[in-house]
1. Can you give the charge dipole size of the chain about its Cα centre, rounded to the nearest 20 debye, using +1 on the beta carbon of Lys and Arg and -1 on the beta carbon of Asp and Glu?
2. In a GNM of the chain with a 10 Å cut-off on Cα contacts, which of ASP269, ASP100, ASP219 has the highest mean-square fluctuation?
3. What list do you get for LYS398, LYS117 if you sort them by fewest beta carbons within 10 Å?
4. Along the range 219-230, what does the Karplus equation 6.51 cos²θ - 1.76 cosθ + 1.60 (θ = phi - 60°) give for ³J(HN,Hα), rounded to whole Hz, x for Gly and Pro?
5. Name the residues whose placed amide hydrogens come within less than 5 Å of the amide hydrogen of LEU168, ignoring near sequence neighbours (fewer than 5 apart) on the same chain.
6. Taking every pair of distinct Cα atoms and averaging 1/r, then inverting, what Kirkwood hydrodynamic radius in Å comes out for the chain?
7. Choose one of LEU214, PRO35, TYR367: the residue whose Cα lies farthest towards the positive end of the charge dipole of the chain (beta-carbon charges +1 Lys, Arg; -1 Asp, Glu; about the Cα centre).
8. Where the only charges are on Cβ atoms (+1 Lys, Arg; -1 Asp, Glu), what is the dipole of the range 288-396 about its Cα centre, to the nearest 20 debye?
Amino acid sequence: MSSSPASPELRPRPSGWHQLNTVAAAAGLGLVLAPWLYEASVALGLIEPLAEVSSSCGDTPPQWLALRVGLSWGLLTGISLALAQQWTKRRWAVGAVLLDVIVLYLSMQLFVYGSSKVFATQFPRLWANLDTPPAELTPMRVAWQFFGYSRAYQQFLGWGEVLPAVLLLFRRTRTLGAFVATVVMLNVFVINLFFDVCVKIGSGTYLALALLLLAQDADRLWQFFILHRPAAPRTLPATGARFGPRGRWVYWGLGTPLTLAMLYVVGQDTIGVRAYAAEQAQVLPVTGVWETVQAERWTAGRWQPVAATDSAWPSRAYFQAANAVLRNAFRRDRFITEPDSAQPQLVLQLIARSENNEYGAPRPWQYTLAKPDTLRLLGRWRQDSLRLSLKMRRDLMK
C-alpha cells in the first residue's frame with residue numbers, strides 16, 4: 001500500500017534549490033504584504049513613519065519605505081523557514097503555498113489593471129493633451145496621450161493583461177500565464193521607468209512576481225528553448241496533494257475564502273471601472289475647448305483688463321468629463337471638476353491636480369453660457385481672481 005505524500009519518512013530532504021525557492025517565495029509575499037507590514041512595523045514602534053502625501057499616484061516616500069520593510073520581513077521569514085527545513089531535514093510545502101497566494105494576488109492585479117484598459121478608462125483621449133505640443137507635456141503625459149489616442153489599441157493592451165490573469169489560475173496553463181505576464185509587465189515597467197510614470201513600485205513588483213512564477217520551470221524552459229531538447233512534464237503534485245488529510249482540509253479551508261475574496265475584489269473593481277467609464281463619458285454644460293477672447297482681473301477694488309501676453313491670461317480652457325486644464329504660454333494647470341452640490345447649474349468646483357496627482361483645495365468657478373458657443377467664467381486661478389469670456393473651438397474637439 002502506498003504511503004500518503006505527507007508521510008514524514010517519504011518527505012525528501014530539502015535541496016539548495018528548494019530552500020532558495022522558499023526564501024524567494026517568502027520575499028515575494030513580503031512585497032505583496034508590504035503596505036500592511038509597514039503599518040504593523042510602525043504600530044510596533046520598529047520604524048518611524050514618514051509623512052503621508054495626498055496623491056492618487058504612487059512611488060511616494062512612504063511607499064518606498066514600505067517596499068523595503070516588506071522585502072526585509074519576507075527575506076527574514078524565508079531564511080528562517082529555510083533554516084528550519086535544514087534543521088529538521090524535511091522538505092516543507094510552505095514555499096508552494098506561498099506561491100499559490102502570489103498567483104492569486106498577481107492574477108487579481110492583472111485583472112484590475114487590464115479591465116481599466118478594456119473599458120478604456122486608464123488612458124483617456126483628452127483634447128487638452130492633443131492640443132498641447134509634446135515638449136510642453138511631462139513624459140508621463142506623452143505616454144498617456146499615445147496610448148489613449150486609439151481606444152482599440154488601449155483595449156488590446158488591456159486584453160494582454162487579462163489573458164495571463166486567466167491563465168495563471170489554472171495549473172496546466174500557469175507557466176504560459178507566467179510567461180505572458182512577464183512579457184507584458186516587463187513592457188509596462190520599462191515604460192514607467194523611462195517615461196517617469198509614478199507607479200514603478202507596483203509594476204516592478206508585478207514583474208518580479210511573474211519572474212518568480214516563471215522560475216519554477218526554469219530547468220524545463222532551458223531544456224526546451226535553449227538546448228532544443230524535449231522537456232519532461234511536471235511530476236510535482238498539486239499543492240493540496242502534498243499534505244495529509246488534516247493538512248488538505250486546512251489548505252482548502254484557507255484557500256477557498258481567499259479565492260472568493262479575490263473574485264469579490266475583481267468584481268467590485270470592474271463595477272468601479274464601468275462607473276468611472278460612464279463618468280468619463282458624461283457631458284457637462286461647460287464641456288468643450290474654449291479660447292479666451294477677453295479677461296479681467298480684480299485689482300485695486302475693481303475689474304481691470306488683462307493683456308493676452310500676461311501670465312494670468314488663460315489662452316485656452318479645456319473641460320472634458322471630470323477633467324479640466326487651463327493653460328497659456330507660461331502655465332499649464334490640471335484640475336478635477338465637480339458640479340457644486342448647492343448650485344450645480346451655476347458653479348463648478350475646480351480641484352487643482354499636480355503631475356504627481358497631488359490635490360489642492362476646491363475652488364468655486366461660476367459659469368454662464370451666454371450662447372451655445374460663448375462661455376463666461378468667474379473664479380480664481382492661482383493668485384488671481386479672473387472674469388473671462390471664451391469662445392468654443394469645435395475644430396479642436398476631435
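1. The dipole magnitude comes to about 780 debye.
2. Highest fluctuation among the options: ASP219.
3. LYS398, LYS117
4. 5, 5, 5, 5, 4, 7, 7, 9, 8, 6, 10, x
5. none
6. 24.7 Å
7. My answer, from the dipole projection, is LEU214.
8. 200 debye
Every number here is computed from the coordinates shown, using simple stated rules; none is lab data. Given the structure is predicted, the values throughout are model-derived calculations rather than measurements. Positions of Cβ are backbone-derived with ideal geometry, glycine not excepted, and every protein chain shown enters the neighbour counts.
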